[in-house]
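Asks: The structure is given below, and queries will be raised subsequently.
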Amino acid sequence: MKALLTPHYQPELGLIILKPGTELLKKIGTSSRIVIEPSNESHNGLKSGALDDEPQLLNNKPIEPFLFNDKIIDIIKNKGFNFEWWLERRYKCQLEDGDYCYHESVNEKVENSAIRVCYHHNKDLVIDDKVKDIAKRNLKTFLLESISLDLKLGTNHKLSLQELGWWAMINRQHELIPESMARLLYGRVAEQHQHVYKESEIIASDDRSSILLNRQANDAIQHLQEVSKPIKKLVIDTESPESFMLRPKLKRWECEKYTQWVKTQPCVCCGKQADDPHHIIGYGQGKMGGKPHDIFTIPLCRIHHNELHQNVEEWENNYGTQIELLIQFLDRVFGMKVIA
């Protein structure tokens, strides 16, 4: 653990006093010795307290074209992450130089980012390369922390390159990933471009990582869309020929795809993997000794399926009636849009 603390000098006593606060005092007190080193420019404006380790992606330049894309910034903003509030909460004056700083600070806009600066330094502020670098670092830190929070990884988590790529996939922004970032995701070295090529060195092929990444991502999305389609769509026919007959010949509703899916669900008794799609019995659903409609099916493991057929009354006393379990299961089926 690192901490950023303001030293209070007592030269006449030869002492330096540090005020860590209650929480930091407990952590520092567990060590017999501590390491002290001077702060650097990246710590300017940070409020006193525990100092987080620097995110590994903060100095990663290949991700910047993706991270600073307007679409990515808009997505972060639309998810409720506020850069102005984050900047105000995190920093004091970022241009402190050891001289004088006014006690109140404001957010000063710099291009598409901003810095935190006190009124004293703001009155003579010059937007030079140093200020631009601070503003760029602020925005990059904010975006990485926001993405980490959006992935439910917590504020102390250090986002990895793979997690950033996964976030891009979830938000359907993988096509914005540049070639330089895609090569890192695939573990390939940075592409080297020569100023002059021999004709024999020119190969008519495209092995760019970004092309491969987008192709694989789009294939995965298409597969998920196919999987997420409902197993069966109910068609309502209010004028079926049978509905006009006095004694219509009733047909059994069958759907093998649905019963196969029921087998993959947890047993309604014990929650273990089901073995059979059980058609309810004893409620007058079977016609001429046949099975009820496939919709009247619940998932059961082999043990509980055998117990039911051995003694229906005892089974229902232990686990509930088949009708109750069927209603609960169908509520889950329609809630999951397996049948739409």
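Asks: Could you tell me how many of the residues in the stretch 1-16 are aliphatic (A, V, I, L, M), farther than 21 Å from Arg90 by Cβ and assigned to a strand (DSSP E or B)?
Replies: Final tally of qualifying residues: 2.
Asks: I would also like to ask the following. Can you find, within the stretch 123-132, the residue that is farthest from Ile72 (Cα to Cα) among those that are in contact with a strand residue (DSSP E or B) (Cβ under 9 Å, 6 or more places away or on another chain) and modelled with pLDDT of 90 or more?
Replies: Ile127
Asks: Still on this model: Given the structure, is Tyr100 among the hydroxyl-bearing types (Ser, Thr, Tyr) and in contact with a helix residue (DSSP H, G or I) (Cβ under 9 Å, 6 or more places away or on another chain)?
Replies: yes
Asks: Are any of the residues in the stretch 131-150 in contact (Cβ under 8 Å) with a residue 40 or more places away in the chain, surrounded by fewer than 16 Cβ atoms within 10 Å (Cβ to Cβ) and under 20 Å from Asn59 (Cβ atoms)?
Replies: The answer is no; no qualifying residue exists.
Asks: Same structure, new question: Given (1) in a helix (DSSP H, G or I); (2) touching a Phe, Trp or Tyr at 6+ places or on another chain (Cβ under 8 Å), identify the lone condition not met by Ser243.
Replies: For Ser243, the failing item is (2).
Asks: Kindly provide the set of residues from the stretch 93-129 that are under 23 Å from Phe66 (Cα atoms) and surrounded by fewer than 17 Cβ atoms within 10 Å (Cβ to Cβ), ordered by number.
Replies: Lys109, Glu111, Asn112, Asp129
Asks: Let me ask something else. Would you confirm whether any residue within the stretch 276-292 is assigned to a strand (DSSP E or B), without any contact (Cβ under 8 Å) to a residue 60 or more places away in the chain and within 34 Å of the chain's Cα centre (by Cα)?
Replies: Within the stretch 276-292, none of the residues are assigned to a strand (DSSP E or B), without any contact (Cβ under 8 Å) to a residue 60 or more places away in the chain and within 34 Å of the chain's Cα centre (by Cα).
Asks: Now for a separate question. Could you tell me whether the stretch 67-85 includes any residue that is within 19 Å of Ser146 (Cα to Cα) and at pLDDT below 90?
Replies: No, the stretch 67-85 contains no residue that is within 19 Å of Ser146 (Cα to Cα) and at pLDDT below 90.
Asks: Which members of the stretch 92-118 meet the condition of being under 18 Å from Leu143 (Cβ atoms), assigned to a strand (DSSP E or B) and of a type outside the set (Lys, Arg)?
Replies: The answer is Asn107, Val110, Ser113, Ala114, Ile115.
Asks: So is Glu254 touching a residue at least 12 places away in the same chain (Cβ under 8 Å), open to solvent by 50 Å² or more (accessible area, probe 1.4 Å), acidic (Asp, Glu) and out of contact with any Lys or Arg (no Cβ under 6 Å at 6 or more places or on another chain) or not?
Replies: So Glu254 passes the test.
Asks: To continue, here is another question. Does the stretch 106-114 include one or more residues that are closer than 30 Å to Asn171 by Cβ, touching an Asp or Glu at 6+ places or on another chain (Cβ under 9 Å) and in contact (Cβ under 8 Å) with a residue 40 or more places away in the chain?
Replies: Yes - at least one qualifying residue is present in the stretch 106-114.
Asks: Condition test on Ile281, is it surrounded by fewer than 16 Cβ atoms within 10 Å (Cβ to Cβ), modelled with pLDDT of 90 or more and not polar (S, T, N, Q)?
Replies: So Ile281 fails the test.
Asks: Can you tell me which residue is surrounded by the most Cβ atoms within 10 Å (Cβ to Cβ) among those in the stretch 208-247 that are under 29 Å from Val333 (Cβ atoms) and charged (D, E, K, R)?
Replies: Lys232
Asks: Does Trp261 satisfy being buried (at least 18 other Cβ atoms within 10 Å of the Cβ) and not basic (Lys, Arg)?
Replies: It is true that Trp261 is buried (at least 18 other Cβ atoms within 10 Å of the Cβ) and not basic (Lys, Arg).
Asks: Residues in the stretch 148-158: is at least one of a type in the set (A, V, I, L, M, F, W, C), closer than 30 Å to Ile211 by Cα, assigned to a helix (DSSP H, G or I) and in contact with a helix residue (DSSP H, G or I) (Cβ under 8 Å, 6 or more places away or on another chain)?
Replies: no
Asks: Turning to a different aspect of this structure: With respect to Asp275, is the statement that it is surrounded by 15 or more Cβ atoms within 10 Å (Cβ to Cβ), touching an Asp or Glu at 6+ places or on another chain (Cβ under 9 Å) and under 24 Å from Gln310 (Cβ atoms) true?
Replies: Here the answer is no, as Asp275 does not meet what is asked.
The values are calculated or read from the model by the stated rules, or taken from the named source; none is laboratory data. Note that this is a predicted model, so its numbers are computed, not measured. Here Cβ is always computed from backbone atoms with ideal geometry, including for glycine, and neighbour counts include all displayed protein chains. Note: areas computed on protein heavy atoms with side chains; ligands, DNA, RNA excluded. Shrake-Rupley method; radii C 1.70, N 1.55, O 1.52, S 1.80 Å.
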